[in-house]
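Below: one structure, written as structure tokens.
The values are calculated or read from the model by the stated rules, or taken from the named source; none is laboratory data. Everything quoted here is computed from the prediction, not taken from an experiment. As a convention, Cβ positions derive from the backbone with ideal geometry for all residues, glycine included, and neighbour counts pool all protein chains shown. Accessible surface areas use protein heavy atoms only, side chains included; no ligands, DNA or RNA. Shrake-Rupley method; radii C 1.70, N 1.55, O 1.52, S 1.80 Å.
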Amino acid sequence: MNLLIIGPPGAGKGTQSEMLCEKYNISQLATGDILRFNVKNETELGLQAKSYMASGKLVPDELIINMMKDEILKPVYANGFILDGFPRTIAQADALNILLEEFGKTLDKVIILKVPNEKIIERMSGRRICRSCNRTYHIIYNPPPMDGECSCGNSDIYQRDDDKEETVIKRLEVYDAQTSPLVEYYKSKGKISEINGDNDLNAVFLNIVNSIS
Ligand code: AMP
């Protein structure tokens, strides 16, 4: 099964993706995670992407599309994937169509997670991430199982620089201008489920699963 999840930053795409991967035995393909890995390891891509990410802007399409060409062919995605954070522009969506066609794959469902902007800001200020396994937590809504320690055993749980309020506001503007047109784009192709993401995470998950089956 190949899925795509679209929604503003902080809508819960990462958390829902993890749960969907477990249920359907597929792999998460999160461009933000891949980019952060490259920034951390100071690769050429990481060095090129760093300043865009820190200011809440999108990394140029060309860099992202090239990165995806290599990524999507990895054996880990052979059983299926959930795209989280890609595509983010119409140009990326067109490139994805070409890639999928080339490799004989299709998207089974496009999930749109809807959350009002004021809720996003509240959520993101509380978001924390495990530096070891990238698992996402929220200090109030989804705290780590043990105080300050991730379920993977690592205790280095941090706040992303781009989760600070002024950067979140910028990222929401970027989402509205560049990514939200994808909703109409995929609506015209069918296979779309619009899900209210402003709800308990298990309720959101159940609604997504019901819309898939
Ligand atoms: P995310 O973790 O998905 O919120 O992504 C974090 C940051 O990485 C974004 O604010 C962008 O700067 C960059 N990024 C991730 N995915 C993409 C993409 N598909 N296109 C352009 N920039 C991206």
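Some notes on this structure:
Results for (1) closer than 17 Å to Gly10 by Cα; (2) part of a loop (DSSP other than H, G, I, E, B); (3) within 16 Å of the ligand (Cβ to nearest atom); (4) open to solvent by 60 Å² or more (accessible area, probe 1.4 Å), shown as yes or no for each residue.
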position	(1), (2), (3), (4)
Asn154	no, yes, no, no
Asp162	yes, no, yes, no
Glu166	yes, no, yes, yes
Val174	yes, no, yes, no
Ala177	yes, no, yes, yes
Glu184	no, no, no, yes
Glu194	yes, no, no, yes
Asp198	yes, yes, no, no
Asn210	no, no, no, yes
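- Subset of the range 83-116 (residues that are within 15 Å of the ligand (Cβ to nearest atom) and of a type in the set (Lys, Arg)): Arg88
- The residues listed here are Lys105, Lys119, Lys189; of these, the one that is outside any loop (DSSP other than H, G, I, E, B) and not polar (S, T, N, Q) is Lys119.
- The conditions of being of a type outside the set (Gly, Ala, Ser), at pLDDT below 95 and on the phi < 0 side of the Ramachandran plot are not met by Lys191.
- Selected residue (only one of Leu29, Leu20, Leu35, Leu58 is within 30 Å of Asn202 (Cβ to Cβ) and within 9 Å of the ligand (Cβ to nearest atom)): Leu35
- Residue in the range 62-72 that is farthest from the ligand (Cβ to nearest atom), counting only those that are open to solvent by less than 50 Å² (accessible area, probe 1.4 Å) and part of a helix (DSSP H, G or I): Glu71
- Every residue from the range 1-46 that is more than 26 Å from Glu184 (Cα to Cα), hydrophobic (A, V, I, L, M, F, W, C) and open to solvent by 50 Å² or more (accessible area, probe 1.4 Å): Phe37
- Criterion applied to Ala49, Ala91 was being in a helix (DSSP H, G or I) and open to solvent by 10 Å² or more (accessible area, probe 1.4 Å), and the one residue passing it is Ala91.
- Total residues in the range 101-119, condition at pLDDT below 95 and open to solvent by less than 60 Å² (accessible area, probe 1.4 Å): 1
- Note on the range 123-152: residues that are free of Cβ contacts under 8 Å to residues at least 12 places away in the same chain, surrounded by 13 or more Cβ atoms within 10 Å (Cβ to Cβ) and not in a strand (DSSP E or B) total 1.
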